[in-house]
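Any read-out appearing in this document is the output of simple, stated calculations on the displayed coordinates, not a laboratory observation. Being a predicted model, the structure only gives us computed values, none of them experimental.
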């Protein structure tokens, strides 16, 4: 059994926004509300970053076209007592997917949890 930190990528679509800053604010609020509704306050929500293919600079993943925004977000959670990396991935996707229905979730990163990082997360009961 292992403990892992799982970072999921999620594309969040928001409507009636005019700037990328508005899109980010609405997306963060929308995701936080959905997670809190399912008592998933241990999931950390962050704005994703994209890399410019020309210059290589990083920028916030928020795009607005015609008052519809697409915001890339990272959702980080700890998964305890998983049988493998794949098991930790399935647990994380199931837990977050319960709150964010119809949002495709992709694993951005999975790593073993260091001892100093112990704390709130999802624990699998045996």
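For the reader, a short list of remarks on this structure follows.
- Three principal axis extents of the chain based on alpha-carbon atoms, in descending order, are 49, 36, 24 Å.
- Calculated mean residue ellipticity, 222 nm, the chain: -8500 deg cm²/dmol, from DSSP H runs (n ≥ 4) at -39500 (n - 2.57) each, averaged per residue and rounded to 500.
- Difference of contour (0.36 nm per residue) and Cα-Cα distance, residue 51 to residue 83: 8.1 nm
- Antiparallel DSSP beta bridges within segment 3-126, percent to nearest 5: 95
- Principal-axis analysis of the Cα atoms of the chain puts helix 20-37 at an angle of about 30° to the longest axis.
- Nearest-ten-degree value, helix 85-99 long axis tilted from longest Cα axis of the chain: 50
- The relative contact order of the chain, computed from alpha carbon pairs under 8 Å that lie at least 6 residues apart in sequence, is 41 percent.
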